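Asks: Before I ask anything, let me first share the structure, which is written out below as structure tokens.
The values are calculated or read from the model by the stated rules, or taken from the named source; none is laboratory data. None of these values were measured; they are calculated from a predicted model. Every residue, glycine among them, receives a Cβ derived from its backbone with ideal geometry; neighbour counts consider all protein chains shown. Calculation scope for accessible area: heavy atoms of the full protein, side chains included, ligands and nucleic acids excluded. Shrake-Rupley method; radii C 1.70, N 1.55, O 1.52, S 1.80 Å.
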Amino acid sequence: MTDQGALRGGCNCGAVRYEVTSPPLAVIACHCTSCRRQSGAAFSVNLVVRADTMSVEGELASWLDPDTESGAPIERQFCGQCGSPIRSVPTAAPKMIALKAGTLDAPEPFAPQMHIWTRSALPWATIPEGLPRLEKGPAA
């Protein structure tokens, strides 16, 4: 949280900026195939935040990802100009948002507290000892 108590961030080109007015409920690394592809990385680090605490300036484009490992579609929201992924909104729980940690202005304090969909983890992806792991997602 910043001095003003809010988390701020945005896309790569600056066309989208956001603010979150409450602390994240959790910080989760997701290893599912969809999150890997969407993030372009071995896993996606997400801050779970309440939707009603996040405001967005600028226009988000979206794509409804129907092929998720949980079986529930997820709306992937990103900057329509530069393509930076900003957040994912699960259709099964739209009051919660998975905010992409790498889009924060100050992501340093937000290390993952848990790893999910580890059954899909790449064999070389290192998950620190002692962190909770779920082979599937929390609702699967």
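Asks: Quick one: residue 42 ticks every box in (1) in contact with a Pro (Cβ under 9 Å, 6 or more places away or on another chain); (2) over 11 Å from residue 101 (Cα atoms); (3) touching a residue at least 40 places away in the same chain (Cβ under 8 Å) bar one, so which box is it?
Replies: Against the list (1) in contact with a Pro (Cβ under 9 Å, 6 or more places away or on another chain); (2) over 11 Å from residue 101 (Cα atoms); (3) touching a residue at least 40 places away in the same chain (Cβ under 8 Å), residue 42 comes up short only on (1).
Asks: For residue 75, indicate whether it is over 16 Å from the mean Cα position of the chain (by Cα) and either small (Gly, Ala, Ser) or more than 15 Å from residue 28 (Cβ to Cβ) (or both). I'd like the intermediate steps shown before the answer.
Replies: Details: over 16 Å from the mean Cα position of the chain (by Cα): no; either small (Gly, Ala, Ser) or more than 15 Å from residue 28 (Cβ to Cβ) (or both): yes.
Answer is no for this residue.
Asks: To continue, here is another question. Go through segment 14-48 and report how many residues are under 24 Å from residue 126 (Cα atoms), part of a loop (DSSP other than H, G, I, E, B) and either out of contact with any helix residue (DSSP H, G or I) (no Cβ under 8 Å at 6 or more places or on another chain) or open to solvent by 40 Å² or more (accessible area, probe 1.4 Å) (or both). It would help to see each step written out before you state the result.
Replies: As a first pass, look at segment 14-48 and keep what is under 24 Å from residue 126 (Cα atoms): 24-48.
Still in the list and also part of a loop (DSSP other than H, G, I, E, B): 24-25, 31-32, 40-43.
From what's left, either out of contact with any helix residue (DSSP H, G or I) (no Cβ under 8 Å at 6 or more places or on another chain) or open to solvent by 40 Å² or more (accessible area, probe 1.4 Å) (or both): 24-25, 40-41, 43.
Total satisfying the criteria: 5.
Asks: With the requirement that a residue be charged (D, E, K, R) and loosely packed, with under 11 Cβ neighbours inside 10 Å, what does segment 107-126 give you?
Replies: First, pick out the residues of segment 107-126 that are charged (D, E, K, R): 108, 119.
108 - this is the single residue of segment 107-126 that is charged (D, E, K, R) and loosely packed, with under 11 Cβ neighbours inside 10 Å.
Asks: What pairs can you find where one residue is in segment 111-131 and assigned to a helix (DSSP H, G or I), the other is open to solvent by 70 Å² or more (accessible area, probe 1.4 Å), and their Cβ atoms are less than 8 Å apart, with a gap of 6+ or different chains?
Replies: Final answer for the pair search is 118/133; 118/135; 119/135; 119/136.
Asks: Next up: Being surrounded by 13 or more Cβ atoms within 10 Å (Cβ to Cβ), touching a Cys at 6+ places or on another chain (Cβ under 9 Å) and at pLDDT 95 or above is the filter here, so list the residues in segment 59-81 that pass it.
Replies: The answer is 60, 61, 78, 79, 81.
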